[in-house]
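Taking it in order: structure first as structure tokens, then the write-up.
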Amino acid sequence: MILAAGAALATVIPLEESSLDEIEEMINDGWWDDAGKELTGIIRQNGNSVKAHSMLAEIYLMELDMGRRMHWDEAEEHAKKAVELDVDNVYNLMLLGHIMGIKARNGSKLKAIGRAKTSLGSYEKAVELEPDNLQARIWLVNFHRNAPGFAGGDKDEARRQAAAIAKIDPVEGHYSQADIFEFMDKDLEKAEAELKAALAMDPGESKPYYMYGNFLSRNGRYE
């Protein structure tokens with residue numbers, strides 16, 4: 001009876017959007033531990049808060065990326081719950097795709113193929129829902145460029161997605177083509193040509209210089 005009463009009570013506790021906005025500010029300011037505790041409390045009160053699950057999964061993802069904590073299963077659990085609660089949320093689909101991709105690369109080898117296919121399916125669904133979403137297509141290029149064929153990777157599909165990106169945003173298309181030439185084809189001359197083309201198209205922005213500078217640094221051309 002106590003459990004049932006508690007569960008019933010949880011359903012009527014209002015979830016203030018402003019509290020989630022405040023927690024989002026905490027995350028942006030680097031207070032991840034405090035934000036995580038707040039989000040855990042909100043989820044205990046309202047397990048159907050899509051944003052709370054998404055934000056908690058994002059915290060765990062950032063910690064994974066930084067090697068701070070290895071909340072592998074928790075990141076997956078909350079990302080999947082966010083997608084389950086809102087199947088058409090493109091951001092959460094990309095979040096799940098990224099988390100499952102990391103787990104496929106660094107986790108259990110026995111589960112790697114299944115996780116990779118979940119990652120791919122999430123990116124594909126995101127692109128299906130929002131064909132002009134550049135970030136979703138960029139992640140799809142990265143997946144196909146890096147994943148082996150038996151896990152769903154397809155080099156030809158990486159090229160097709162890069163071509164689709166170029167139609168949406170020519171400058172971003174040059175970046176994607178440069179990645180393919182540098183990392184997939186090992187053709188540094190063509191990769192550099194793509195980055196120079198991006199720079200010529202967008203000389204007033206910082207990103208082309210950053211991208212080209214990183215390319216030069218990666219290839220030992222420090223001067």
Q) Here are some conditions: (1) among the charged types (D, E, K, R); (2) under 22 Å from A151 (Cβ atoms); (3) open to solvent by less than 30 Å² (accessible area, probe 1.4 Å). E128 meets all but one. Which one does it not meet? A) (3)
Q. Within the stretch 78-90, how many residues are crowded, with 16+ Cβ neighbours inside 10 Å and either assigned to a helix (DSSP H, G or I) or aromatic (F, W, Y) (or both)?
A. 8
(Q) Looking only at the stretch 37-63, filter to residues that are part of a helix (DSSP H, G or I) and small (G, A, S); which one of those is farthest from the chain's Cα centre (by Cα)? (A) G41
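Kindly establish whether Q161 is of a type in the set (S, T, N, Q), open to solvent by less than 30 Å² (accessible area, probe 1.4 Å) and at pLDDT 95 or above. Spell out how you get there, then give the answer.
Numbers: of a type in the set (S, T, N, Q): yes; open to solvent by less than 30 Å² (accessible area, probe 1.4 Å): yes; at pLDDT 95 or above: yes.
So Q161 passes the test.
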Q | Members of the stretch 92-110 that are farther than 12 Å from W72 by Cβ and surrounded by fewer than 17 Cβ atoms within 10 Å (Cβ to Cβ) | A | K109, L110
Q: Return only the number of the condition from (1) modelled with pLDDT of 90 or more; (2) over 28 Å from D154 (Cα atoms); (3) surrounded by fewer than 24 Cβ atoms within 10 Å (Cβ to Cβ); (4) in contact with a Phe, Trp or Tyr (Cβ under 8 Å, 6 or more places away or on another chain) that I113 does not satisfy.
A: (2)
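The values are calculated or read from the model by the stated rules, or taken from the named source; none is laboratory data. This structure is a prediction, so every number in the text was calculated from the model and none was measured. Backbone-built Cβ (ideal geometry, glycine too); neighbour counts: all protein chains shown. With ligands, DNA and RNA removed, areas are computed over all heavy atoms of the protein, side chains included. Shrake-Rupley method; radii C 1.70, N 1.55, O 1.52, S 1.80 Å.
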